[in-house]
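Working notes for the structure below.
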Amino acid sequence: MFKQVHRQMLRLRARLGSFWSIILGLIYLMIVFFVGISYYMGAEDWDFASSFYMVVITLSTVGFMEVNQLSEQGRIFTAFMIMGGVGGFVYIAGAFAQIIIDGRLQILWGKHKMMKEIGKLKDHFIICGHGRIGSIVVQEIMAEGHDVVVIEQTPELIDKMEQDGILCLEGDATSDEMLLNAGLLQAKSLISALTSEAANVYVTLTARQLNPDIIIVARAGDKSHISRLELAGADRVVLPHFIGGLRMAQNVLRPTVTNFLELAVRGGIDLQMEELEVTPTSELVEKDLIESKIRPRFNLIIIAIKKESGEMVFNPGPKEVINSRDTLLAVGKKSDLNDIKNIL
């Protein structure tokens, strides 16, 4: 119960952003107002109108006389209420000044609109860093029709993304508040593509603590850092330089295979590889590949089956049984892959 309330509070704070401090100040003043009225009505035995008026002139510090004669305890209480009330007003004024100085109201309205759009997202992807690696990640994910939110510190990159219509937030991705603003609690996956190895570790650790169910993919610069990122909570760790070198070697050693894969991935031919998760209600459950008739019905090739336990069955035979929560790795036309999703 407490955990759910805490999550709701974090979600609300992320949605309100800079206005969170002002709302907290207003709630505090309302509490002071309620306590003051209750005290005067209970301890001083005043009627509601007199108590209400007394609290108003006290908190506003206008300097009017007391409504009725106060006891010694009442004067002490009033003194503390003045200090508490003035402190609340100063806090609200400071929060509002911070909004004007740091955010500039015009920019804030634009960010507020973007925050509303981000707040509506669910099962989206968060990309930390929009450099050489992050920009390619954003491009590929958006090309598949998925929603993306980018966290970036460089103002020039933020301006370019805004012009391109990409949802983005300017700030430090290692900040808890920034991750929550990006909709971490509702996101499907987070990709940490920052250039700093320490920052990727910190982002991974923070994201895993805030949302234990999210899928995290992190960038590493060296093989020795893989274990560190996995320990921090990354589901997968990618070495961009290693993958680039491997691809260059494959282009020399197996050019035909490499060209075929590149055409399939980039859309040069009407062929695509897809992961298809089998739900418990699917008609494919407890059927082998022959009984499922995937090949004749959808013209798809199943190259592997990933079991719920994590075991990978490569080149499955015709008698391989499809179980609930299995993931089918299929190759075929995009239209055929969309058709089979109707029975999954």
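The values are calculated or read from the model by the stated rules, or taken from the named source; none is laboratory data. This is a predicted model, so every value here is computed, not measured. Positions of Cβ are backbone-derived with ideal geometry, glycine not excepted, and every protein chain shown enters the neighbour counts.
For the reader, a short list of remarks on this structure follows.
- Residue satisfying all of: in the stretch 44-77; assigned to a loop (DSSP other than H, G, I, E, B), among the hydrophobic types (A, V, I, L, M, F, W, C) and surrounded by 13 or more Cβ atoms within 10 Å (Cβ to Cβ); modelled with the lowest pLDDT among these: Val67
- Here Ala97 meets each of (1) modelled with pLDDT under 85; (2) hydrophobic (A, V, I, L, M, F, W, C); (3) not in a helix (DSSP H, G or I) with one exception, condition (3).
- Tabulated pairs, the stretch 126-141, first part of a strand (DSSP E or B), second of a type in the set (S, T, N, Q), C-beta under 6 angstrom, 6+ apart or interchain: Cys128/Ser192
- Ile92 being at pLDDT below 85, part of a helix (DSSP H, G or I) and touching a Gly at 6+ places or on another chain (Cβ under 6 Å): yes
- Among the conditions (1) surrounded by 12 or more Cβ atoms within 10 Å (Cβ to Cβ); (2) free of Cβ contacts under 8 Å to residues at least 40 places away in the same chain, the only one that Glu277 does not satisfy is (2).
- Checking each residue in the stretch 206-224 for being crowded, with 18+ Cβ neighbours inside 10 Å and either of a type in the set (A, V, I, L, M, F, W, C) or not assigned by TED's automatic domain parsing to the domain that holds Ala182 (or both) picks out Ala207, Ile214, Ile216, Val217, Ala218, Ala220.
- Summed over the stretch 215-241, the residues that are under 30 Å from Asp123 (Cβ atoms) and touching an Asp or Glu at 6+ places or on another chain (Cβ under 9 Å) give a count of 13.
- Residues of the stretch 142-173 classified as under 16 Å from the mean Cα position of the chain (by Cα), in a loop (DSSP other than H, G, I, E, B) and closer than 14 Å to Lys188 by Cβ, total: 2
- Verdict on Ala193 being surrounded by 14 or more Cβ atoms within 10 Å (Cβ to Cβ), assigned by TED's automatic domain parsing to the domain that holds His146, out of contact with any Leu (no Cβ under 7 Å at 6 or more places or on another chain) and at pLDDT 90 or above: yes
- Selected residue (criterion: farthest from Trp46 (Cα to Cα)) from residues of the stretch 70-87 that are of a type in the set (Gly, Ala, Ser) and under 42 Å from the mean Cα position of the chain (by Cα): Gly87
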